[in-house]
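The values are calculated or read from the model by the stated rules, or taken from the named source; none is laboratory data. Just so it is clear, the structure is predicted and the values come from calculations on it, not from any experiment. Note that each Cβ is placed from the backbone with ideal geometry, even for glycine, and that neighbours are counted across all protein chains shown.
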């Protein structure tokens, strides 16, 4: 069976750890401020000065704390526990908890796009480089992230937020006589837990 083509960004998908151990689903719950902007499934997030989680706002610099996997809160109407794929902006709920993958050594699969968020590609020689990200636009219907990695942004710059650790071989195709990869494997380069400056 052929590898499915990628139509659009989907954010960062945890797949394993840097040491090769499988991703076992470990997550942490951290509060979301009811004044927070929207956060989508697969978004990079950071911890703010108030100890709450917000969508990561950096593109070429910054220290993400992990990847958003959904949220839980008490429904104000039914008073029942509720689990959601994404957090709508400025939701008037005071007990919301973000569910995040915050392991500094987690590896994530992500799509490479151009500056317009259209699926693009990286070369195998991008492994080991640092890259910038595109925030994109999340999908309120599915709750999925619109984040991706910017094609052609690989560099040695230490402040770039993402480190490329591999390509996704199954996603490869040939263009202009070159083998390219629309999906890559990355880790957070400057993880917030490893940043010696607090919030």
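Considering region 28-48 alone, what residues qualify as being over 22 Å from residue 141 (Cβ atoms) and not in a strand (DSSP E or B)? Let's see the steps before the verdict.
Taking region 28-48 as the starting set, the residues that turn out to be over 22 Å from residue 141 (Cβ atoms) are 28-31, 33-35, 46-48.
Correct list: 33, 34, 35, 48.
Restricting to region 31-45, and then to whatever is surrounded by fewer than 21 Cβ atoms within 10 Å (Cβ to Cβ) and in contact with a strand residue (DSSP E or B) (Cβ under 8 Å, 6 or more places away or on another chain), can you tell me which residue is nearest to residue 93 (Cα to Cα)? For region 31-45, the residue satisfying everything is 33.
State whether one or more residues within region 142-155 are farther than 18 Å from residue 39 by Cα and surrounded by fewer than 17 Cβ atoms within 10 Å (Cβ to Cβ).
Let us first name the residues in region 142-155 that are farther than 18 Å from residue 39 by Cα, namely 150-155.
So of that shortlist, the ones also surrounded by fewer than 17 Cβ atoms within 10 Å (Cβ to Cβ) come out as 152, 155.
Scanning region 142-155, I find at least one residue that is farther than 18 Å from residue 39 by Cα and surrounded by fewer than 17 Cβ atoms within 10 Å (Cβ to Cβ), so the answer is yes.
Looking across region 10-22, the residues that are touching a residue at least 60 places away in the same chain (Cβ under 8 Å) and surrounded by fewer than 17 Cβ atoms within 10 Å (Cβ to Cβ) come down to 15, 16, 18, 19. Taking (1) more than 23 Å from residue 171 (Cα to Cα); (2) modelled with pLDDT of 95 or more in turn, residue 124 satisfies each apart from (1).
Is it the case, given these coordinates, that residue 25 is out of contact with any strand residue (DSSP E or B) (no Cβ under 6 Å at 6 or more places or on another chain), assigned to a loop (DSSP other than H, G, I, E, B), touching a residue at least 40 places away in the same chain (Cβ under 8 Å) and outside the structural domain of residue 172 (by TED's automatic domain parsing)? Give the steps one after another, and end with the answer.
Details: out of contact with any strand residue (DSSP E or B) (no Cβ under 6 Å at 6 or more places or on another chain): yes; assigned to a loop (DSSP other than H, G, I, E, B): yes; touching a residue at least 40 places away in the same chain (Cβ under 8 Å): no; outside the structural domain of residue 172 (by TED's automatic domain parsing): yes.
No.
Tell me which residues, restricted to region 49-72, are assigned to a loop (DSSP other than H, G, I, E, B) and surrounded by 15 or more Cβ atoms within 10 Å (Cβ to Cβ). Within region 49-72, 52, 56, 58, 59, 60, 62, 63, 64, 65 meet the criteria.
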